[in-house]
Amino acid sequence: MKQKLIAFIVMSLLSGTNYSSAQSNEVKFLIDTSISIMSHNAVNANTVNWEKLKKNALAKAASINNPYQLGAVMRYLYRSINDFHGAFFYKDSIFQWHKNEPIVSDSIMNEWRKGSGIKTKILENNIGYLRIPSMPISSQKDFYKKAQKLNDSLCSLLVKNIRGIILDLRLDGGGAMHPMILGVEQLLKQGKIGSFQTKKKEDWIIKENCFFVDTALISRITPKCNLNAQNIPLVMLISPVTGSAAECFIISFKGRKETILLGSETAGYVTVNAGFRINDIASMNLSIGYSADKYGKIYKEAIKPDIPFISPDSFNDIINDEKVKAAINWLKLHSN
(Lines give C-alpha, C1' and ligand atoms only; values in the text may rest on other atoms or scores of the structure.)
Protein backbone atom coordinates (compact mmCIF):
# COMPACT_ATOMS: atom_id res chain seq x y z
CA MET A 1 0.00 0.00 0.00
CA LYS A 2 2.83 2.36 0.89
CA GLN A 3 4.57 1.71 -2.45
CA LYS A 4 1.30 2.36 -4.32
CA LEU A 5 0.88 5.67 -2.46
CA ILE A 6 4.43 6.77 -3.34
CA ALA A 7 3.85 5.81 -6.97
CA PHE A 8 0.61 7.82 -7.01
CA ILE A 9 2.35 10.91 -5.59
CA VAL A 10 5.19 10.64 -8.14
CA MET A 11 2.72 10.31 -11.03
CA SER A 12 0.75 13.29 -9.73
CA LEU A 13 3.90 15.42 -9.56
CA LEU A 14 4.91 14.39 -13.06
CA SER A 15 1.44 15.15 -14.34
CA GLY A 16 1.53 18.59 -12.69
CA THR A 17 4.95 19.27 -14.15
CA ASN A 18 3.79 18.44 -17.66
CA TYR A 19 0.73 20.69 -17.31
CA SER A 20 2.87 23.58 -16.05
CA SER A 21 5.36 23.03 -18.85
CA ALA A 22 2.58 23.15 -21.46
CA GLN A 23 1.34 26.44 -20.07
CA SER A 24 4.88 27.85 -19.91
CA ASN A 25 5.40 26.89 -23.54
CA GLU A 26 2.38 28.97 -24.51
CA VAL A 27 3.73 31.92 -22.53
CA LYS A 28 7.15 31.51 -24.11
CA PHE A 29 5.59 31.32 -27.59
CA LEU A 30 3.66 34.55 -27.04
CA ILE A 31 6.75 36.38 -25.79
CA ASP A 32 9.02 35.01 -28.54
CA THR A 33 6.53 35.86 -31.28
CA SER A 34 5.81 39.32 -29.92
CA ILE A 35 9.53 40.13 -29.77
CA SER A 36 10.04 38.81 -33.30
CA ILE A 37 7.23 41.03 -34.63
CA MET A 38 8.57 44.03 -32.73
CA SER A 39 12.16 43.53 -33.89
CA HIS A 40 11.10 43.44 -37.56
CA ASN A 41 8.45 46.17 -37.51
CA ALA A 42 8.69 48.59 -34.56
CA VAL A 43 9.52 52.18 -35.45
CA ASN A 44 12.21 52.20 -32.75
CA ALA A 45 13.53 48.69 -33.47
CA ASN A 46 17.09 49.88 -34.14
CA THR A 47 17.39 51.37 -30.63
CA VAL A 48 16.99 48.04 -28.84
CA ASN A 49 19.35 45.20 -27.90
CA TRP A 50 16.91 42.46 -28.83
CA GLU A 51 18.91 39.55 -27.45
CA LYS A 52 19.14 41.22 -24.06
CA LEU A 53 15.48 42.25 -24.17
CA LYS A 54 14.37 38.70 -24.91
CA LYS A 55 16.49 37.29 -22.10
CA ASN A 56 15.06 39.81 -19.62
CA ALA A 57 11.46 39.26 -20.75
CA LEU A 58 11.71 35.49 -20.42
CA ALA A 59 13.30 35.87 -16.98
CA LYS A 60 10.41 38.11 -15.89
CA ALA A 61 7.97 35.45 -17.12
CA ALA A 62 9.81 32.49 -15.57
CA SER A 63 7.08 31.79 -13.02
CA ILE A 64 4.13 32.65 -15.29
CA ASN A 65 1.98 29.75 -16.43
CA ASN A 66 -1.10 31.70 -17.54
CA PRO A 67 -1.01 34.26 -20.40
CA TYR A 68 -3.51 36.38 -18.47
CA GLN A 69 -0.59 37.16 -16.15
CA LEU A 70 1.57 38.59 -18.95
CA GLY A 71 0.59 42.22 -18.36
CA ALA A 72 3.80 43.31 -16.65
CA VAL A 73 5.99 41.54 -19.21
CA MET A 74 4.17 43.02 -22.21
CA ARG A 75 4.27 46.48 -20.68
CA TYR A 76 8.03 46.00 -20.21
CA LEU A 77 8.39 45.14 -23.91
CA TYR A 78 6.40 48.17 -25.06
CA ARG A 79 8.25 50.44 -22.64
CA SER A 80 11.57 49.13 -23.98
CA ILE A 81 10.65 50.27 -27.51
CA ASN A 82 9.00 53.49 -26.26
CA ASP A 83 5.65 52.54 -27.73
CA PHE A 84 2.68 53.84 -25.72
CA HIS A 85 0.36 53.75 -28.74
CA GLY A 86 0.51 49.98 -29.26
CA ALA A 87 -1.11 47.21 -27.23
CA PHE A 88 -1.10 43.42 -26.75
CA PHE A 89 -4.42 41.53 -26.89
CA TYR A 90 -5.05 38.11 -25.37
CA LYS A 91 -8.65 36.90 -25.55
CA ASP A 92 -10.57 39.54 -23.57
CA SER A 93 -7.52 41.24 -22.03
CA ILE A 94 -5.56 44.26 -23.25
CA PHE A 95 -2.03 45.05 -22.02
CA GLN A 96 -0.68 48.51 -22.78
CA TRP A 97 2.10 50.71 -21.47
CA HIS A 98 1.07 54.27 -20.59
CA LYS A 99 3.69 56.99 -20.67
CA ASN A 100 3.23 60.27 -18.81
CA GLU A 101 -0.53 60.36 -19.10
CA PRO A 102 -1.63 64.01 -19.56
CA ILE A 103 -3.83 65.70 -16.99
CA VAL A 104 -7.37 65.91 -18.35
CA SER A 105 -9.90 68.29 -16.81
CA ASP A 106 -13.07 66.98 -15.16
CA SER A 107 -15.17 68.91 -17.67
CA ILE A 108 -13.58 67.06 -20.58
CA MET A 109 -13.69 63.66 -18.84
CA ASN A 110 -17.35 64.07 -17.89
CA GLU A 111 -18.31 64.91 -21.46
CA TRP A 112 -16.03 62.16 -22.80
CA ARG A 113 -17.89 59.54 -20.76
CA LYS A 114 -21.16 60.60 -22.36
CA GLY A 115 -19.85 59.60 -25.77
CA SER A 116 -20.86 62.94 -27.27
CA GLY A 117 -21.24 62.99 -31.05
CA ILE A 118 -21.18 65.59 -33.82
CA LYS A 119 -22.64 68.96 -32.90
CA THR A 120 -23.22 72.09 -35.00
CA LYS A 121 -24.18 75.63 -34.09
CA ILE A 122 -24.21 79.12 -35.58
CA LEU A 123 -22.51 81.56 -33.22
CA GLU A 124 -22.21 85.34 -33.17
CA ASN A 125 -20.82 87.14 -36.20
CA ASN A 126 -22.19 84.23 -38.30
CA ILE A 127 -19.40 81.89 -37.21
CA GLY A 128 -19.99 78.16 -37.54
CA TYR A 129 -19.19 75.65 -34.80
CA LEU A 130 -18.62 71.94 -35.58
CA ARG A 131 -17.69 69.37 -32.95
CA ILE A 132 -15.83 66.33 -34.35
CA PRO A 133 -15.85 63.33 -31.97
CA SER A 134 -13.79 60.14 -31.95
CA MET A 135 -14.58 57.87 -34.89
CA PRO A 136 -13.92 54.20 -34.17
CA ILE A 137 -14.53 52.04 -37.24
CA SER A 138 -15.74 48.43 -37.31
CA SER A 139 -16.41 47.97 -41.03
CA GLN A 140 -15.95 49.50 -44.48
CA LYS A 141 -19.56 50.69 -44.26
CA ASP A 142 -18.59 52.73 -41.18
CA PHE A 143 -16.01 54.67 -43.22
CA TYR A 144 -18.67 55.81 -45.66
CA LYS A 145 -21.41 56.41 -43.10
CA LYS A 146 -19.35 58.50 -40.68
CA ALA A 147 -17.66 60.53 -43.40
CA GLN A 148 -21.05 61.31 -44.96
CA LYS A 149 -22.62 62.28 -41.65
CA LEU A 150 -19.77 64.66 -40.84
CA ASN A 151 -19.88 66.21 -44.30
CA ASP A 152 -23.64 66.70 -44.07
CA SER A 153 -23.06 68.56 -40.80
CA LEU A 154 -20.37 70.77 -42.34
CA CYS A 155 -22.61 71.55 -45.33
CA SER A 156 -25.43 72.59 -42.99
CA LEU A 157 -23.09 75.38 -41.82
CA LEU A 158 -21.46 76.29 -45.13
CA VAL A 159 -24.79 76.91 -46.90
CA LYS A 160 -25.46 79.67 -44.36
CA ASN A 161 -22.47 81.69 -45.65
CA ILE A 162 -20.55 81.52 -42.41
CA ARG A 163 -17.63 83.93 -42.02
CA GLY A 164 -15.40 81.56 -40.08
CA ILE A 165 -15.53 78.10 -38.53
CA ILE A 166 -14.53 76.47 -35.25
CA LEU A 167 -13.66 72.78 -35.38
CA ASP A 168 -13.86 71.42 -31.85
CA LEU A 169 -11.49 68.46 -31.43
CA ARG A 170 -11.31 68.55 -27.65
CA LEU A 171 -13.23 65.24 -27.35
CA ASP A 172 -11.71 63.58 -30.40
CA GLY A 173 -9.52 60.75 -29.11
CA GLY A 174 -9.01 59.16 -32.51
CA GLY A 175 -10.36 56.09 -34.25
CA ALA A 176 -10.06 56.46 -38.02
CA MET A 177 -8.72 59.63 -39.62
CA HIS A 178 -10.19 58.98 -43.09
CA PRO A 179 -13.86 59.82 -42.33
CA MET A 180 -12.78 62.85 -40.29
CA ILE A 181 -10.67 64.33 -43.09
CA LEU A 182 -13.01 63.43 -45.96
CA GLY A 183 -15.93 64.68 -43.89
CA VAL A 184 -14.55 68.24 -44.08
CA GLU A 185 -13.12 68.05 -47.60
CA GLN A 186 -14.56 71.46 -48.60
CA LEU A 187 -12.07 73.07 -46.20
CA LEU A 188 -9.05 71.45 -47.88
CA LYS A 189 -7.44 71.55 -51.30
CA GLN A 190 -7.70 68.50 -53.52
CA GLY A 191 -4.66 66.27 -53.86
CA LYS A 192 -2.02 65.18 -51.36
CA ILE A 193 -2.69 66.34 -47.79
CA GLY A 194 -0.19 64.20 -45.84
CA SER A 195 1.37 60.77 -45.66
CA PHE A 196 2.28 57.74 -43.57
CA GLN A 197 6.04 57.40 -43.16
CA THR A 198 6.81 53.75 -42.37
CA LYS A 199 9.16 51.40 -44.23
CA LYS A 200 7.39 52.81 -47.24
CA LYS A 201 5.73 56.17 -47.86
CA GLU A 202 1.95 56.21 -48.42
CA ASP A 203 0.26 59.47 -49.40
CA TRP A 204 -3.12 60.66 -48.15
CA ILE A 205 -5.09 61.98 -51.10
CA ILE A 206 -8.47 63.69 -51.45
CA LYS A 207 -9.86 63.51 -54.96
CA GLU A 208 -13.38 63.74 -56.39
CA ASN A 209 -15.10 63.27 -53.01
CA CYS A 210 -12.96 60.23 -52.19
CA PHE A 211 -10.16 59.52 -49.74
CA PHE A 212 -7.23 57.44 -50.99
CA VAL A 213 -4.10 56.06 -49.36
CA ASP A 214 -1.88 56.04 -52.43
CA THR A 215 -4.19 54.35 -54.96
CA ALA A 216 -6.34 52.45 -52.44
CA LEU A 217 -9.85 53.87 -52.07
CA ILE A 218 -10.72 54.12 -48.36
CA SER A 219 -13.92 56.15 -48.30
CA ARG A 220 -16.35 58.07 -50.52
CA ILE A 221 -19.06 60.65 -49.91
CA THR A 222 -21.80 62.43 -51.87
CA PRO A 223 -21.66 66.08 -50.70
CA LYS A 224 -24.90 67.99 -50.18
CA CYS A 225 -23.08 71.24 -50.89
CA ASN A 226 -20.56 72.17 -53.58
CA LEU A 227 -18.99 75.12 -51.82
CA ASN A 228 -15.29 75.89 -51.79
CA ALA A 229 -14.37 76.84 -48.23
CA GLN A 230 -10.60 76.53 -48.53
CA ASN A 231 -10.03 80.18 -47.63
CA ILE A 232 -12.49 80.49 -44.78
CA PRO A 233 -10.70 81.32 -41.49
CA LEU A 234 -10.56 78.32 -39.18
CA VAL A 235 -9.79 77.64 -35.51
CA MET A 236 -9.27 74.13 -34.15
CA LEU A 237 -9.85 73.66 -30.43
CA ILE A 238 -7.53 70.99 -29.02
CA SER A 239 -6.98 69.32 -25.65
CA PRO A 240 -4.90 66.55 -24.00
CA VAL A 241 -7.59 64.12 -25.22
CA THR A 242 -7.08 65.09 -28.88
CA GLY A 243 -5.02 62.18 -30.12
CA SER A 244 -4.11 59.53 -32.67
CA ALA A 245 -6.37 59.92 -35.73
CA ALA A 246 -7.31 63.40 -34.52
CA GLU A 247 -3.63 64.36 -34.62
CA CYS A 248 -3.44 63.05 -38.20
CA PHE A 249 -6.49 65.21 -38.92
CA ILE A 250 -4.60 68.26 -37.63
CA ILE A 251 -1.54 67.33 -39.70
CA SER A 252 -3.69 67.26 -42.86
CA PHE A 253 -4.43 70.97 -42.31
CA LYS A 254 -0.80 72.03 -41.97
CA GLY A 255 -0.01 74.80 -44.44
CA ARG A 256 -3.64 75.90 -44.76
CA LYS A 257 -3.93 79.70 -44.59
CA GLU A 258 -5.85 81.44 -41.80
CA THR A 259 -5.81 78.29 -39.66
CA ILE A 260 -4.76 78.07 -36.01
CA LEU A 261 -4.80 75.66 -33.06
CA LEU A 262 -6.14 76.97 -29.75
CA GLY A 263 -6.15 75.22 -26.39
CA SER A 264 -3.72 72.66 -24.88
CA GLU A 265 -1.06 70.33 -26.25
CA THR A 266 -2.48 67.17 -27.85
CA ALA A 267 -2.12 63.61 -26.51
CA GLY A 268 0.99 62.75 -28.55
CA TYR A 269 -0.25 59.47 -30.11
CA VAL A 270 1.27 60.49 -33.43
CA THR A 271 2.73 57.15 -34.51
CA VAL A 272 1.29 55.02 -37.31
CA ASN A 273 -0.26 51.89 -35.78
CA ALA A 274 -0.53 48.49 -37.46
CA GLY A 275 -2.13 45.24 -36.27
CA PHE A 276 -0.37 41.86 -36.21
CA ARG A 277 -2.03 38.51 -35.51
CA ILE A 278 -0.06 36.08 -33.34
CA ASN A 279 -2.57 33.22 -33.32
CA ASP A 280 -6.34 32.75 -33.08
CA ILE A 281 -6.54 34.25 -29.59
CA ALA A 282 -3.67 36.75 -29.43
CA SER A 283 -2.65 39.78 -31.48
CA MET A 284 -0.85 43.08 -31.09
CA ASN A 285 -0.91 46.67 -32.29
CA LEU A 286 2.48 48.22 -32.91
CA SER A 287 3.82 51.66 -33.79
CA ILE A 288 5.55 51.21 -37.13
CA GLY A 289 6.13 54.79 -38.29
CA TYR A 290 4.99 58.41 -38.15
CA SER A 291 2.75 60.79 -40.04
CA ALA A 292 3.96 63.68 -42.18
CA ASP A 293 2.27 66.76 -43.60
CA LYS A 294 2.04 67.43 -47.34
CA TYR A 295 5.42 69.20 -47.23
CA GLY A 296 7.13 66.12 -45.79
CA LYS A 297 7.55 67.35 -42.21
CA ILE A 298 7.34 64.36 -39.86
CA TYR A 299 5.54 64.70 -36.51
CA LYS A 300 7.00 62.67 -33.64
CA GLU A 301 5.71 64.59 -30.63
CA ALA A 302 2.45 65.97 -29.30
CA ILE A 303 1.20 68.93 -31.32
CA LYS A 304 1.36 72.28 -29.55
CA PRO A 305 -1.32 74.97 -29.93
CA ASP A 306 -0.60 78.20 -31.78
CA ILE A 307 -2.52 79.97 -29.02
CA PRO A 308 -2.16 78.24 -25.63
CA PHE A 309 -5.38 78.73 -23.72
CA ILE A 310 -6.28 77.22 -20.35
CA SER A 311 -9.84 77.53 -19.10
CA PRO A 312 -12.78 75.37 -17.98
CA ASP A 313 -14.61 73.68 -20.87
CA SER A 314 -18.37 74.35 -21.09
CA PHE A 315 -19.65 71.76 -23.56
CA ASN A 316 -23.26 72.23 -22.48
CA ASP A 317 -23.04 76.01 -22.88
CA ILE A 318 -20.96 76.50 -26.02
CA ILE A 319 -21.84 80.19 -26.36
CA ASN A 320 -20.19 80.91 -23.00
CA ASP A 321 -17.27 78.48 -23.37
CA GLU A 322 -14.11 80.55 -22.85
CA LYS A 323 -12.13 78.78 -25.59
CA VAL A 324 -15.00 79.20 -28.03
CA LYS A 325 -15.19 82.91 -27.20
CA ALA A 326 -11.43 83.25 -27.73
CA ALA A 327 -11.79 81.48 -31.09
CA ILE A 328 -14.61 83.83 -32.09
CA ASN A 329 -12.46 86.86 -31.25
CA TRP A 330 -9.64 85.55 -33.45
CA LEU A 331 -12.03 84.80 -36.31
CA LYS A 332 -13.55 88.28 -36.11
CA LEU A 333 -10.11 89.74 -36.72
CA HIS A 334 -9.33 87.41 -39.63
CA SER A 335 -12.64 87.18 -41.49
CA ASN A 336 -13.75 89.52 -44.26
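Between Lys60 and Tyr76, what length comes free when the chain is fully extended (0.36 nm per residue of separation minus the Cα-Cα distance, one decimal in nm)?
Here the segment from Lys60 to Tyr76 would lengthen by 4.8 nm.
Can you give the convex hull volume of the alpha carbon atoms of the chain per residue, in Å³?
Looking at the chain, the number lands at 155 Å³ per residue.
Could you tell me the accessible area of Thr47 in Å² (1.4 Å probe, neighbours in place), rounded to the nearest ten?
100
Along the charge dipole of the chain, pointing to its positive end and built from +1/-1 on Cβ of Lys, Arg, Asp and Glu, which listed residue (Ser311, Leu30, Leu187) has its Cα farthest out?
Sorting the options by dipole projection puts first Leu30.
With angles folded into 0 to 90 degrees, how steeply does helix 2-41 sit against the dominant principal axis of the chain? Use alpha carbons for both and round to 10.
Roughly 30 degrees between the two axes.
On a 0 to 90° scale, report how tilted helix 50-60 is relative to the longest principal axis of the chain, with both axes built from alpha carbons and the result rounded to the nearest 10.
Here the helix axis deviates by roughly 70 degrees.
For Gln96 and Asp142 in one chain, what is 0.36 nm times their gap in residues minus the Cα-Cα distance, to one decimal in nm?
14.0 nm
Just the Cα atoms of segment 79-235: what Rg and Dmax do they give in Å?
Expressed in Å, the Cα Rg and Dmax of segment 79-235 come to 17.6, 53.
When the chain is fully extended, how far beyond the present Cα-Cα distance does Leu217 get from Ser314, taking 0.36 nm per residue of separation?
Difference between extended and current length: 31.1 nm.
Check which residues have an amide H placed less than 5 Å from Ser219's amide H, if you skip close sequence neighbours.
Phe211
Of Leu70, Leu182, Leu154, which has the largest mean-square fluctuation in a 10 Å C-alpha GNM of the chain?
Leu70
Scan segment 185-293 for GluC sites (Glu not before Pro) in coil per DSSP, keeping those whose Cβ has at most 14 other Cβ atoms within 10 Å, and list them by number.
Glu208
Using just the C-alpha positions of segment 35-158 as equal point scatterers, what log10 of I(q)/I(0) does the Debye formula give at each q in 0.22 1/Å?
Results for segment 35-158 at q = 0.22 Å⁻¹ read -1.24.
Quick one: accessible area per residue over segment 121-229, 1.4 Å probe, rounded to a whole number of Å²?
That works out to 43 Å² for each residue.
What Rg and what Dmax come out for segment 125-211 when only alpha-carbon atoms are used, in angstroms?
13.8, 47
List the residues, sorted by chain then number, that are 5 or more residues from Ile232 or on another chain and whose placed amide H is less than 5 Å from its amide H.
Amide H neighbours of Ile232: none.
Sort by residue number and name the cysteines in the chain that have no neighbouring cysteine Cβ under 4.7 Å.
Those would be Cys210, Cys248, since no other cysteine Cβ in the chain comes under 4.7 Å of theirs.
Which angle between 0 and 90 degrees, to the nearest 10, do you get for helix 71-80 versus the longest principal axis of the chain when only C-alpha atoms count?
Taking the Cα atoms of the chain, the angle to 71-80 is about 60 degrees.
The values are calculated or read from the model by the stated rules, or taken from the named source; none is laboratory data. All figures in this text were calculated on a predicted structure; none of them were measured in a lab. Methodologically, a virtual Cβ is constructed for each residue, glycine included, from the backbone with ideal geometry; neighbour enumeration extends over all protein chains shown. Heads up: the accessible areas ignore ligands, DNA and RNA and are worked out on the full protein's heavy atoms, side chains in. Shrake-Rupley method; radii C 1.70, N 1.55, O 1.52, S 1.80 Å.
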